[in-house]
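**Q** Please find one structure pasted underneath; my questions will follow.
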Amino acid sequence: MTDLGDFGDFDAGSDGSSPSSTAPADSSAGEEATSDDSNSADVSTERDEFERTAVEPRGDDVGIGALCVSQGLRVAEDGEDTALRAYVTRGNRSSIRIGSYLLAPYPDGETLFCRITALEYAQQYHADDATEIHARRAMRTDEIEEADYKFVAALEPVAVLYQDDGELKRRMTDRVPKPQTVIRTADDTEKIKTGLKIPDEGVFLGHLSVGGEKVRTAATPPTIDYRLKDDYDAGDPLAFRHTLIAGGTGSGKTHGAKNVLRQFLADERTYPMPDGREVGPAVVQFDPQDEYAQMHDDNPDLDDAFARRLEREGVAYGGVSETTAFVPKIGSATYSAGHHRAEQVEFTIPFAMVHDNPWLVAGSGLNDNQYGALVSVLLPRFRDQYGPGGTYQEFTTFLDDPALREELDESGRVHEATFDAVRRRVLGFGHVFDQDARPITDLIHEFVRPGGLTVVPTYHINDTRATEAVVLALSSLLIDEKLSNDPSYDRIKETPLVLGMDEAHNFLTDADSVQAGKVITKFTEAAKQGRKERLGLFLITQDPQDIDDAVFKQINTTIVLNLGDEDAIKSVNIPSNLESKVPYMEKGQMVVYSPDNSEPVELIGLPHCLTRHGRD
């Protein structure tokens with residue numbers, strides 16, 4: 001029985017009658033058959049004497065295939081005009097993936113570093129395989145005859161690698177490789193890092209990957225570490241050119257953010273200051289879910305073997321002993337911290353900070369006229385009457401004075417309706433300002449510590465307005481002092497600072513209010529001037545589309561984990577070839593788009609958090 005079913009019963013010598021009706025052969029027929037058999041044996045012997053030709057070429061294969069010119073071989077300034085294709089041999093086809101990196105050498109020692117952008121099976125011979133016979137054959141076998149098809153990879157040239165005084169360098173693709181050039185999988189760490197412009201040193205983010213699998217090399221360790229530039233040799237450190245981490249719930253966003261912050265706090269990480277000192281950065285992290293104070297503690301799941309691997313790769317790990325939780329005192333709200341061992345310091349926001357940032361008491365929204373009345377008339381009048389240390393309670397008493405309302409209305413300075421609107425909107429902050437704790441302005445030396453991590457938890461605060469007031473008051477204090485030419489707190493000015501903000505979309509969103517405009521303006525200025533003042537923004541969000549464009553445009557490094565929302569994916573502005581992968585990435589997989597650091601790449605983060613993470 002053959003694969004063709006009933007077709008296998010056909011006998012070319014039969015006249016269609018049944019075997020039982022066939023006449024028996026006579027003796028003469030038998031003799032003729034014997035004679036024919038003898039002749040057939042002689043012919044068969046003669047045929048066996050012909051030399052057989054080997055189908056496979058001699059020698060061992062090198063590489064995975066060769067460049068072909070059947071559809072052109074062209075390198076152009078416009079990537080859409082580039083035609084670079086390679087035939088992949090049968091034994092290598094199952095291991096090839098879109099996004100894999102390849103090397104195509106030039107005759108003079110230079111090398112084309114390229115990336116697979118498409119894979120295609122094409123007909124080897126002119127045939128129609130859309131037939132019943134072909135389909136039934138395929139249905140009855142577990143294997144595909146690869147020899148019947150061509151397997152072609154479309155390549156995107158990334159860079160030309162060349163030697164300059166013994167150093168491997170890269171330049172833009174400016175020459176076409178030769179036809180039939182043998183292509184090889186890139187498995188050399190130096191060539192891959194040079195081809196992708198990945199720095200050898202800096203802040204560790206993860207390991208290079210393609211399609212969710214780590215890129216392997218012949219080196220030890222076999223993985224390729226990805227790092228962000230962290231010195232002034234090639235421009236400003238990228239920590240001060242701002243970072244955004246975007247990812248949905250369960251994507252590993254907080255896990256990854258902790259691992260990056262741990263690298264900022266490595267003992268050996270310091271930055272030169274104008275006075276010649278080398279100073280470690282201070283990290284201030286706003287924490288709405290109360291997770292980052294755990295960075296004080298070691299991760300009990302991090303075993304010795306994994307720790308040795310981290311040490312070999314120069315990755316900082318372990319709890320940060322210089323971690324302090326600065327807990328805002330808000331009304332009767334209490335903070336419980338059984339999940340970490342970091343020191344806790346309570347503080348309050350003094351109303352005196354409102355004189356420099358009036359929008360802190362305008363959480364319900366003021367229009368231009370109302371905001372102008374608050375800033376230009378009411379707050380200056382209050383300060384003159386109560387002094388710079390006037391409290392929030394005194395301010396509300398001040399606004400309750402009917403004589404003041406009448407005076408300002410009659411003088412034409414503030415209409416009575418405007419006065420009433422301002423008064424209504426600044427009420428309701430009695431539990432925020434001037435609480436029974438030390439003012440944050442008295443704790444600056446403890447709040448900003450070189451090499452230390454300050455976490456501001458807000459999970460225990462149930463009032464959204466209060467949370468916004470705390471976060472914006474502290475961040476404004478840090479930004480104003482950093483950008484000031486005449487700072488009130490030299491400790492802030494003279495310390496490199498990373499300002500981290502989780503759920504950044506809640507504070508940096510575009511909104512039609514005066515307060516939102518003031519906040520966006522402040523953070524935009526911080527983003528623009530931060531690098532020269534050694535101030536870096538570290539924003540974390542699951543809704544990147546809600547962050548104002550003015551701030552977003554200043555972000556240099558974008559780290560994207562799994563996102564399911566199409567608008568969110570579009571907003572992060574990563575290349576389209578990587579954009580399509582974002583919804584399918586597993587936990588810990590990420591895309592890094594940092595034009596001043598490297599080509600856009602896929603990474604896999606570390607499987608373990610470098611500090612304690614998660615609650616028992």
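**Q** Once the dipole of segment 356-442 is set up with Lys and Arg at +1 and Asp and Glu at -1 on Cβ about the Cα centre, which of N369, N357, G430 lies farthest towards its positive end?
**A** The Cα lying farthest towards the positive end belongs to N357.
**Q** Treating the beta-carbon of each Lys and Arg as +1 and of each Asp and Glu as -1, no other charges, what is the dipole magnitude of segment 307-445 about its Cα centre, to the nearest 20 debye?
**A** In total the dipole reaches around 760 debye.
**Q** Which percent, nearest 5, of DSSP beta bridges in the chain are antiparallel?
**A** Values: 53 of 88 bridges.
Within the chain, antiparallel bridges account for around 60 percent of the total.
**Q** Here's another thing I want to ask about it. Would you calculate, for the chain, the mean residue ellipticity at 222 nm contributed by helices, counting each DSSP H stretch of 4 or more residues as -39,500 (n - 2.57) and dividing by all residues, to the nearest 500? Could you put the intermediate results ahead of the total?
**A** Values: 17 runs with 163 residues, N = 616.
Theoretical 222 nm ellipticity from helices: -7500 deg cm²/dmol.
**Q** Now for a separate question. Place +1 on the Cβ of every Lys and Arg and -1 on the Cβ of every Asp and Glu in the chain, take the dipole about the Cα centre, and give the residue among S476, I444, P607 whose Cα lies farthest towards its positive end.
**A** Towards the positive end, the residue furthest out is I444.
**Q** Let me ask you something else. When percent of Cα pairs over 44 Å apart is calculated directly from the model, which label among (i) 25; (ii) 36; (iii) 41 fits?
**A** (iii)
**Q** In what sequence, largest accessible area first, do H460, H608 appear using a 1.4 Å probe?
**A** H608, H460
**Q** Still on this structure, I have one more. Report the per residue volume, in Å³, of the convex hull enclosing the C-alpha atoms of segment 307-439. Kindly include the intermediate steps, with their values, before the conclusion.
**A** On the way: hull volume 21.3 nm³, N = 133.
For segment 307-439, the hull spanned by Cα atoms encloses 160 Å³ per residue.
**Q** Whole-Hz ³J(HN,Hα) for each residue in segment 132-142, computed from phi via Karplus 6.51 cos²θ - 1.76 cosθ + 1.60 with θ = phi - 60°, x for glycine and proline: what do you get?
**A** Karplus-based 3J(HN,Hα) across segment 132-142 equals 4, 5, 4, 5, 6, 4, 5, 6, 9, 9, 9 Hz.
**Q** Using a 1.4 Å probe and counting only protein heavy atoms, arrange L443, L302 so the residue with the most accessible area comes first.
**A** Details: L443 5, L302 30 Å².
Descending accessible area places them as L302, L443.
**Q** Quick check: with the 1.4 Å probe, what order do S100, S209 take by accessible area, largest first?
**A** Reading off the accessible areas and sorting them downward yields S100, S209.
**Q** Amide H to amide H, which residues 5 or more places from A159 or on other chains are under 5 Å from it, using H placed in the peptide plane?
**A** Answer set, sorted by chain and number: F113.
**Q** Moving on. Would you calculate the separation in nanometres between label points at S336 and R140, each defined as 7 Å from the Cα along the Cα-to-beta-carbon direction?
**A** It is 7.0 nm.
**Q** Here's something else I'd like to know. Any idea what angle helix 464-483 forms with the longest principal axis of the chain, computed on alpha-carbon atoms, 0 to 90 degrees, nearest 10?
**A** Helix 464-483 and the main axis of the chain meet at about 90 degrees.
**Q** Find which of A135, A83, G99 sits farthest along the positive direction of the dipole of the chain, computed with +1 on the beta-carbon of Lys and Arg, -1 on that of Asp and Glu, about the Cα centre.
**A** G99
**Q** With every protein chain present, what accessible area does E145 have (1.4 Å probe, heavy atoms only), rounded to the nearest 10 Å²?
**A** 100 Å²
**Q** Accessible area of V455, 1.4 Å probe, to the nearest 10 Å²?
**A** My reading of the accessible area for V455 is about 0 Å².
**Q** How many nm separate the modelled label positions at S321 and H460, each set 7 Å beyond the Cα in the direction of the Cβ?
**A** Computed distance between label sites S321 and H460 equals 2.6 nm.
**Q** Another question about this same structure. Among the listed pairs K329/K482; K258/K587; K193/K229, which are separated by more than 18 Å between their Cα atoms?
**A** Numbers: K329/K482 25 Å; K258/K587 15 Å; K193/K229 13 Å.
Where the Cα-Cα span goes over 18 Å, the pairs concerned are K329/K482.
**Q** Tell me, what is the FRET efficiency for E110 and S376 to the nearest 0.05, using R0 = 51 angstrom and their Cβ-Cβ distance as r?
**A** Numbers: r = 67 Å, r/R0 = 1.31.
Efficiency at R0 = 51 Å is approximately 0.15.
**Q** Pop the C-beta distance of T396 and T249 into the FRET formula with R0 = 41 Å and round what comes out to the nearest 0.05.
**A** In this case the efficiency is close to 0.55.
**Q** Efficiency by 1/(1 + (r/R0)^6): what FRET value for D303 and K214, r their Cβ-Cβ distance, R0 = 22 Å, to the nearest 0.05? Please list the in-between numbers first.
**A** Numbers: r = 20 Å, r/R0 = 0.89.
So the FRET efficiency works out to roughly 0.65.
**Q** If the chain between E167 and D549 were fully stretched, how many nm would it gain, using 0.36 nm times the residue separation less the Cα-Cα distance? It would help to have the intermediate numbers written out before the result.
**A** Details: separation 382, 0.36 × 382 = 137.52 nm, distance 4.04 nm.
Here the segment from E167 to D549 would lengthen by 133.5 nm.
**Q** Here's another thing I want to ask about it. Per residue, what volume in Å³ does the Cα convex hull of segment 334-411 take up?
**A** Details: hull volume 10.6 nm³, N = 78.
Here the figure is 136 Å³ per residue.
**Q** If you don't mind, another one. For S95, what accessible area in Å² do you get when you roll a 1.4 Å probe over the heavy atoms of the protein chains, rounding to the nearest 10?
**A** Accessible area, nearest 10 Å²: 80 Å².
**Q** Here's another thing I want to ask about it. Restricted to Cα positions, what overall size does segment 529-586 have along the principal axes? Three whole-Å values, descending.
**A** Taking max minus min along each principal axis of the Cα atoms, segment 529-586 gives 39, 18, 18 Å.
**Q** Report, in debye and to the nearest 20, how large the dipole of the chain comes out about its Cα centre when Lys and Arg carry +1 and Asp and Glu carry -1 on their Cβ.
**A** Taking the Cα centre of the chain as origin, the dipole is about 2660 debye.
**Q** May I ask you to order 548-557, 169-178 by the average number of other C-beta atoms within 10 Å around their residues, highest value first?
**A** Numbers: 548-557: 19.0, 169-178: 15.0.
Order by mean packing, descending: 548-557, 169-178.
**Q** Accessible area per residue of segment 135-288 at 1.4 Å probe, in Å²?
**A** Computed with neighbouring chains in place, this is 46 Å² per residue.
**Q** What nm value, rounded to one decimal, do you get for the distance between D128 and V279 when each label is placed 7 Å out toward the C-beta?
**A** Modelled inter-label distance: 8.0 nm.
**Q** Please compute the length gained on full extension between L427 and S576, using 0.36 nm multiplied by the number of residues separating them and subtracting their Cα-Cα distance.
**A** The L427-S576 span can extend by a further 48.8 nm.
**Q** From a point 7 Å beyond the Cα of D200 in the direction of its Cβ, which residues of segment 262-282 have a backbone N at a distance under 11 Å?
**A** none
**Q** Pull up all non-local amide H partners of T117: gap of 5 or more, or a different chain, and H-to-H distance under 5 Å with H placed in the peptide plane.
**A** Residues meeting the amide H criterion: G99, A154, L155, E156.
**Q** Something else now. From Cα pairs below 8 angstrom and at least 6 apart in sequence, can you work out the relative contact order of segment 265-391, rounded to a whole percent?
**A** On the way: 99 pairs, mean separation 22.9, N = 127.
Over segment 265-391, the number comes to 18 percent.
The values are calculated or read from the model by the stated rules, or taken from the named source; none is laboratory data. Because the structure is predicted, anything quoted here is derived from the model rather than measured. All Cβ positions, glycine included, derive from the backbone under ideal geometry; neighbour counts span all protein chains shown. Protein only, heavy atoms only, side chains kept; ligands, DNA and RNA dropped before computing areas. Shrake-Rupley method; radii C 1.70, N 1.55, O 1.52, S 1.80 Å.
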